[in-house]
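The values are calculated or read from the model by the stated rules, or taken from the named source; none is laboratory data. Note that the structure is predicted; figures quoted are calculated from it, not measured. Here Cβ is always computed from backbone atoms with ideal geometry, including for glycine, and neighbour counts include all displayed protein chains. Surface accessibility is based on the protein's heavy atoms, side chains included, excluding ligands, DNA and RNA. Shrake-Rupley method; radii C 1.70, N 1.55, O 1.52, S 1.80 Å.
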Amino acid sequence: MAGIKITGYGCAHGDRTVTNEELARVVDSSDAWIRSRTGIESRYFADNRSNLDMACEAAEMAFQRWGGDRGAVDLLLVCTFTPDLATPSVACGAAGRLGLSQKVMCLDINGACSGFVYGCTLAHAMLTAGDARCALVIGSEKISPLMDLTERGSAILFGDGAGAVVLEADGTKEFASYSDCIPESETLFCERFDPAIMMKGQEVYRFAVNAVPESIYGVLRRAGRRVEDVDWFICHQANLRILRSVAGKLDVGMEHFYVNIQRYGNTSAASVAICLSEMLEKGLLKPGQRVIITGFGAGLTCGSILLTV
Ligand code: UT7
């Protein structure tokens, strides 16, 4: 299937670094437990920054790396389950602050931790159909205000951040996507008016270690590719043990998995976008390489995209 190219990338994060030690002063946990059970060493909390602030910082960096005319952006998707307001959307706020054209279609997508992957799937559909020419897809989350620090399962897990990509259609690139879910699951949920995240961690964990390899095999089947054809697996950073288990099930070495959970914790829809941005900035993604990005989380949702750099 005709694909898309990433022409710009950027990321941002909360303004305060919170180490495991600091967190363990307020929640009944320890640095040793958090490191060994999740791989997380620290995360960022956005005490003085909104979701919109982080989304716009990531987007400004993406525009800088891109070097194109931002007036050409005609699709803006902000993937988030933690918008600053119920309405208007973070995307509308970002379109204004970034000075985008009045012709831009902008909306938020709540696909939880699969949000960015779903957002890129939708952007691909519009770009290749000719309904959009240039898309800005942002994953941005401010989760810290939604954490109940007495609930240690989730309190140690999440962080705040944003990642952004500029996407354009490119007929020379490969693209395939695959999505599935377990509908109406309440193993991970957050109420609107008493918004503390509640998570049955073990159930989400069991879902993830099965759903992620299935999703990766699903997208490989659709693309007519094999595991060996893939250079990088960029999975939602929820727990290092989940990533190791997925690597084991695929029989792939961890050197093919990008990991930055140690510095960010779990940033939900932002995590894959931040990974992509960091990898492109470090020159880890080379032209022609095949990459699978996978998101999974609340819903329960899961989705993968295979693309070429
Ligand atoms: O991004 C959205 C998707 N989210 C995820 O993918 C999260 C998936 N789940 C997980 O990452 C893990 O389930 C957690 C990190 C949330 C929890 O790790 P776990 O290894 O599944 O821990 P557990 O719930 O099985 O608990 C094991 C033990 C229990 O103690 P006992 O009963 O064995 O004495 C818990 O009470 O660890 C205890 N425990 C903790 N101890 C210290 C649970 N959380 C903590 C904690 N600090 N934060």
* Asked: Which of (1) at pLDDT 95 or above; (2) more than 12 Å from the ligand (Cβ to nearest atom); (3) not in a strand (DSSP E or B) is the odd one out, the single condition residue 178 does not satisfy?
  -> (3)
* Report, by residue number, each residue of the range 199-222 that is open to solvent by 30 Å² or more (accessible area, probe 1.4 Å) and either farther than 20 Å from residue 39 by Cα or among the aliphatic types (A, V, I, L, M) (or both). => 199, 214, 217, 221, 222
* Quick one: which strands (runs of 3 or more DSSP E) lie wholly within the range 41-152 and hold at least 3 residues that are open to solvent by 10 Å² or more (accessible area, probe 1.4 Å) and not assigned by the TED database to the domain that holds residue 260? => 42-45, 105-109
* Condition met for residue 299 (buried (at least 19 other Cβ atoms within 10 Å of the Cβ), within 16 Å of the ligand (Cβ to nearest atom), modelled with pLDDT under 95 and outside the structural domain of residue 165 (by the TED database)) -> yes
* Structure fact -> Scanning the range 251-265 residue by residue, the ones that are within 15 Å of the ligand (Cβ to nearest atom) and either among the basic types (Lys, Arg) or surrounded by 24 or more Cβ atoms within 10 Å (Cβ to Cβ) (or both) total 3
* Kindly indicate whether any position in the range 281-289 is open to solvent by less than 30 Å² (accessible area, probe 1.4 Å) and within 15 Å of the ligand (Cβ to nearest atom). => no
* Whichever residue in the range 233-250 is under 13 Å from the mean Cα position of the chain (by Cα) and near the ligand (Cβ under 7 Å from one of its atoms) and, among such residues, is surrounded by the most Cβ atoms within 10 Å (Cβ to Cβ) -> 236
* Asked: In the range 173-198, what count of residues is obtained for those that are surrounded by 18 or more Cβ atoms within 10 Å (Cβ to Cβ) and among the aromatic types (Phe, Trp, Tyr)?
  -> 2
